[in-house]
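Read-outs throughout are calculated quantities, based only on the coordinates presented, and are distinct from any laboratory measurement. Here the structure is a predicted model, which means the values were calculated and not measured. Neighbour counts run over all protein chains shown; Cβ positions are idealised from the backbone, glycine included.
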C-alpha cells in the first residue's frame with residue numbers, strides 16, 4: 001500500500017505543543033488510528049520504519065515526541081551512551097501526569113482527522129511499551145501491543161519514580177499483547193512474573209509471549225537485532241490490530 005508520511009502536527013498539551021508525526025495510506029479513506037510510542041530516543045530510523053510498516057497495512061499511525069516539553073522539537077537522540085543517558089534522564093524528569101495527558105491529547109486528536117475512523121489502538125517499544133500500557137487505561141484504546149515494556153514491574157516511570165501502572169491494571173478494557181525477551185536485563189524473570197500475576201488478578205484480556213531475545217531485538221540497527229523475531233512479532237501485532245480495530 002502506498003503511504004504518506006509528510007504530515008507533522010504540533011498537538012496542544014498542558015505542557016506545550018507535542019510534535020507528532022503521522023503515517024497513513026495515500027489512498028482516500030478512513031482508517032483505524034494507532035499511537036506508536038517510541039523508545040527513549042524518539043523518532044529514530046527504526047521507529048519510522050516500524051510506523052511505515054503498520055501504516056502500510058491500513059492504519060493511521062501517530063508517533064509523538066514523548067519528551068516534547070524537555071527537548072527541542074525534532075530532537076532525535078543517538079543510539080549511543082550519551083543518547084541513552086539523556087533519554088533515561090528525560091524519562092525520569094517528566095511528570096507521570098504529563099505522560100497521561102499526552103495520551104489523552106492524542107486520543108482526542110486522532111478521531112478529528114479526515115483519515116481516521118476513530119477506532120484506536122496503541123503500540124510501544126521499551127519506554128513506549130509502558131506508555132502504551134498506560135494509554136490502554138483509556139476506554140477508547142481497544143488494543144495495545146507492548147514490547148519489553150520497562151518500569152512496569154518496579155513502578156519507576158516518571159518524576160519521583162513512583163508510578164501506579166500495575167495498581168490501575170483493572171482500568172484496561174481492551175486487549176493487551178505483551179512481548180518480552182528472556183535475555184532482557186531490564187525486565188528480569190521475577191519482574192515479568194509480577195506483571196503477569198497482576199494481569200491475571202485483574203482479569204485482563206491479554207496475550208503473553210516470551211522469546212529468546214535481548215532488549216531491543218526489534219530495533220533493525222545494532223547487534224541485538226533479530227530479524228526472525230521481528231518478523232514473527234510484527235505478525236502478532238497485526239493480528240491484534242486487525243482483530244480489534246477493523
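Values of log10 I(q)/I(0) for the chain across q = 0.07, 0.09, 0.12, 0.14 Å⁻¹ run -0.20, -0.33, -0.61, -0.86, by the Debye formula with one identical scatterer at each alpha carbon and no solvent.
Applying a 10 Å radius around every beta-carbon, put 67-74, 125-132, 42-49 in order of their mean neighbour count, most first.
125-132, 42-49, 67-74
Fewest neighbouring Cβ atoms within 10 Å first, the residues 211, 63 line up as 211, 63. Using just its DSSP H runs of length 4 or more, each adding -39500 (n - 2.57), the chain gives a mean residue ellipticity at 222 nm of -10000 deg cm²/dmol after division by all residues. Computed from the alpha carbon positions, the gyration tensor of region 91-167 leads to an equivalent ellipsoid with semi-axes of 23, 13, 10 Å, biggest first. With each label modelled as a point 7 angstrom along the Cα→C-beta vector, the residue 197-residue 80 pair spans 4.3 nm.
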